[in-house]
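The values are calculated or read from the model by the stated rules, or taken from the named source; none is laboratory data. Since this is a predicted model, take the numbers as computed values, not measurements. In this analysis, Cβ positions are derived from the backbone assuming ideal geometry, glycine residues included, and neighbour counts consider all displayed protein chains. Quick note on the areas: whole protein, heavy atoms, side chains included, nothing else; ligands and nucleic acids left out. Shrake-Rupley method; radii C 1.70, N 1.55, O 1.52, S 1.80 Å.
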Amino acid sequence: MSTAATDLRLTAADESSADLDALRTPAAAAARPGATPALSVRDAVLEYPDGDNGVLRALDGVSLDLLPGSYTAMVGPSGSGKSSLLAVAAGLITPTSGTVTVAGREITGLTRGERTALRGKEIGMIFQQPNLIASLTAREQLELTVHLDEDATRADKKAARSRAMELLERVDLAGQADQRPHQLSGGQRQRVNIVRALMASPALLLVDEPTSALDRERSAAVVALLGELTRDAGVATLMVTHDHEFLSATDRTLTMVDGRLQD
């Protein structure tokens, strides 16, 4: 399948099981045996106070390794702990116990500022909604972080522009680089959202329900595009989804039930 079908649309023929199988990315082949995991979670427990002296255990001894170039889906009922695991993996929440290592660096003992700095370099995040800034063009959405950095040099800004155009071209949006969100279709906005997360060349990509606001055709294309980018960039991707239809496009599916991860 080509990179980012026009406006993230697939033909009606995609409804056949054969074509769904064709969405499978060869990212598994890119995951190198013996490579350092992009994400390693060990015995993670996350507890919250729950009422008078009660405790809610959102994560119950979760362990997980994600290798570079691997594309992993995580499914499970609402409230099972999927979002909690994403937050812990991103360093947004510190687990009650256990360890989290990103790109070879153990993050649970870092300060908030250190975790923020590491997240900016090593972790890309894709949310359900693109959340693009209305006044910025597609290219400016990608360049924003560099322009907000007071220490960024002219060379840094020039490199960011080059990187932004490279990524937009990768998803067939070079021609829309100077268009603002209201000038883009829903599928185009989601593609901008995806490549924005890759601007810093992260080791880990955390994706939360990327197809929740898309129709079937665009959903299939987004899942396939994430697989292509995972392979090409050598990033480890963990995608939370409720859409079981396209799980065959990923390398591995994990199920979260009551805070416990099942392979």
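Some points to look at:
- Every pair of residues 6+ apart whose Cβ atoms lie under 8 Å, when the first sits in region 56-72 and is on the phi > 0 side of the Ramachandran plot while the second is aliphatic (A, V, I, L, M) and at pLDDT below 95: 69/27; 69/28; 69/29; 69/30; 69/31
- Given (1) in contact (Cβ under 8 Å) with a residue 60 or more places away in the chain; (2) open to solvent by 20 Å² or more (accessible area, probe 1.4 Å); (3) not hydrophobic (A, V, I, L, M, F, W, C), index of the condition residue 79 fails: (1)
- Residues of region 154-170 classified as of a type in the set (Asp, Glu) and surrounded by 19 or more Cβ atoms within 10 Å (Cβ to Cβ), total: 0
- Per the listing 175, 187, the residue uniquely open to solvent by less than 10 Å² (accessible area, probe 1.4 Å), in a helix (DSSP H, G or I) and more than 30 Å from residue 93 (Cα to Cα) is 187.
- Set 92, 118, 136: member being in a helix (DSSP H, G or I), out of contact with any helix residue (DSSP H, G or I) (no Cβ under 6 Å at 6 or more places or on another chain) and either modelled with pLDDT of 95 or more or at positive phi (or both): 118
- Considering (1) closer than 14 Å to residue 206 by Cα; (2) open to solvent by less than 30 Å² (accessible area, probe 1.4 Å); (3) among the charged types (D, E, K, R), the lone condition that residue 143 does not fulfil carries the number (1).
- Among residues of region 83-111 that are without any contact (Cβ under 8 Å) to a residue 40 or more places away in the chain and under 27 Å from residue 128 (Cβ atoms), those with a Cβ under 7 angstrom from a residue that is of a type in the set (D, E, K, R) and open to solvent by less than 50 Å² (accessible area, probe 1.4 Å), sequence gap 6+ or separate chain, pair up as 91/115; 91/119; 107/115.
- Residues satisfying the stated conditions in region 196-216, i.e. assigned to a helix (DSSP H, G or I) and either more than 21 Å from residue 138 (Cα to Cα) or modelled with pLDDT under 95 (or both): 216
- Meets criteria (under 30 Å from residue 183 (Cα atoms), open to solvent by 70 Å² or more (accessible area, probe 1.4 Å) and part of a loop (DSSP other than H, G, I, E, B)) for residue 131: yes
To keep it simple, each residue is scored yes or no on (1) within 30 Å of residue 168 (Cβ to Cβ); (2) open to solvent by 30 Å² or more (accessible area, probe 1.4 Å).
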{"residue": "48", "(1), (2)": "no, yes"}
{"residue": "56", "(1), (2)": "no, yes"}
{"residue": "72", "(1), (2)": "yes, no"}
{"residue": "88", "(1), (2)": "no, no"}
{"residue": "100", "(1), (2)": "no, no"}
{"residue": "114", "(1), (2)": "no, yes"}
{"residue": "118", "(1), (2)": "yes, no"}
{"residue": "149", "(1), (2)": "yes, yes"}
{"residue": "152", "(1), (2)": "yes, no"}
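- Residues within region 204-225 that are closer than 20 Å to residue 65 by Cβ and crowded, with 24+ Cβ neighbours inside 10 Å, tallied: 3
- In the set (1) outside any helix (DSSP H, G or I); (2) touching a helix residue (DSSP H, G or I) at 6+ places or on another chain (Cβ under 8 Å), the condition left unmet by residue 219 is number (1).
- Residue 36 part of a loop (DSSP other than H, G, I, E, B) and within 25 Å of residue 225 (Cα to Cα): yes
- Selection count where residues are open to solvent by 10 Å² or more (accessible area, probe 1.4 Å) and either within 19 Å of residue 40 (Cα to Cα) or under 16 Å from the mean Cα position of the chain (by Cα) (or both), scope region 230-263: 15
- Scanning region 32-46 for residues that are of a type in the set (Val, Ile, Thr) and crowded, with 19+ Cβ neighbours inside 10 Å turns up just one, 41.
- Selection count where residues are touching a strand residue (DSSP E or B) at 6+ places or on another chain (Cβ under 7 Å) and assigned to a loop (DSSP other than H, G, I, E, B), scope region 47-68: 3
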